[in-house]
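Have a look at the structure below before the remarks.
The values are calculated or read from the model by the stated rules, or taken from the named source; none is laboratory data. Everything numeric in this text was worked out from a predicted model, so none of it was measured. We place every Cβ from the backbone using ideal geometry, glycine too, and count neighbours over all the protein chains shown.
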Amino acid sequence: MALFITLEGIEGSGKTTQLRTLAERLRQRGMRVRTTREPGGCPIADAVRDILLHPANSALVPRAELLLYAAARAQHVDEVILPALKGGETVLCDRFTDATVAYQGHGRGLDMPLIAELNTLAAGDLVADLTLLLDMPAEDGLRRARRRGATTQGNREDRFEQESLEFHRRIREGYLAIARREPRVRIVDARGSEAEVAARIDAAVNAFFETTDRRS
């Protein structure tokens, strides 16, 4: 069974680490798993990622930011995600369309119908089967992200970490609003040790599989 599972959350929520752990757990179940990320996931989208996340590009206006995300996603979906799913692989993706709603919609205040239209243009009818929202207070996540960035010499991907705390609070509220209206989203407390968070993710994924099995 090929599934599309996305991990979402604010900066510093631990998505990337937990995605790797979850991939290994699913492989232990005998599943074929492809891991990927947004923006990025393929050479063209990775080039766009460098523009979007590089701290030198602070002059990037919100409309251009939104369009670049859509362009990177269109390439990523067609080149990586859809072929993997059609080939029977389960795809784990670090961020997807929910991130655009949370960051460019709630964070930047851009037009929500326009964002929905662009997400559809870029991703077609592709929607995650399961979304794991790693949630924590914006203060905690931003502090963790900035501490991590301080230990990384020449960090080239911290443009969003330079935004205000209020911006990140709006993003968190945006994610929680998505979770309230989308049954596919499971909220996972991202506070605590990596092992504690991984156990919560396992519980959410196991509950999803049990529900899916009953529907089969």
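Remarks
- Any hit, segment 159-179, residues being surrounded by 13 or more Cβ atoms within 10 Å (Cβ to Cβ), touching a strand residue (DSSP E or B) at 6+ places or on another chain (Cβ under 7 Å), in a loop (DSSP other than H, G, I, E, B) and among the aliphatic types (A, V, I, L, M): no
- For segment 192-212, the set of residues classified as part of a helix (DSSP H, G or I), of a type in the set (S, T, N, Q) and either touching a Pro at 6+ places or on another chain (Cβ under 9 Å) or over 17 Å from Ala179 (Cβ atoms) (or both) consists of Asn206, Thr212, listed by residue number.
- Options Ala74, Ala45: the member that is within 23 Å of Glu117 (Cβ to Cβ), under 17 Å from the mean Cα position of the chain (by Cα), modelled with pLDDT of 95 or more and surrounded by fewer than 18 Cβ atoms within 10 Å (Cβ to Cβ): Ala74
- Listed by first and then second residue, the pairs linking a residue in segment 189-209 that is on the phi > 0 side of the Ramachandran plot and without any contact (Cβ under 8 Å) to a residue 12 or more places away in the chain to a residue that is part of a helix (DSSP H, G or I) and charged (D, E, K, R), with Cβ atoms under 9 Å apart and 6 or more places separating them unless they lie on different chains, are Gly192/Arg200.
- Residue within segment 48-63 that is part of a helix (DSSP H, G or I) and under 19 Å from Tyr175 (Cα atoms) present: yes
- Residue within segment 85-101 that is at pLDDT below 95, within 27 Å of Glu163 (Cβ to Cβ), not in a strand (DSSP E or B) and not small (Gly, Ala, Ser) present: no
- Of all residues in segment 1-36, those satisfying the criterion of being within 21 Å of Gln162 (Cα to Cα) and surrounded by 15 or more Cβ atoms within 10 Å (Cβ to Cβ) are Glu8, Gly9, Ile10, Glu11, Gly12, Ser13, Gly14, Lys15.
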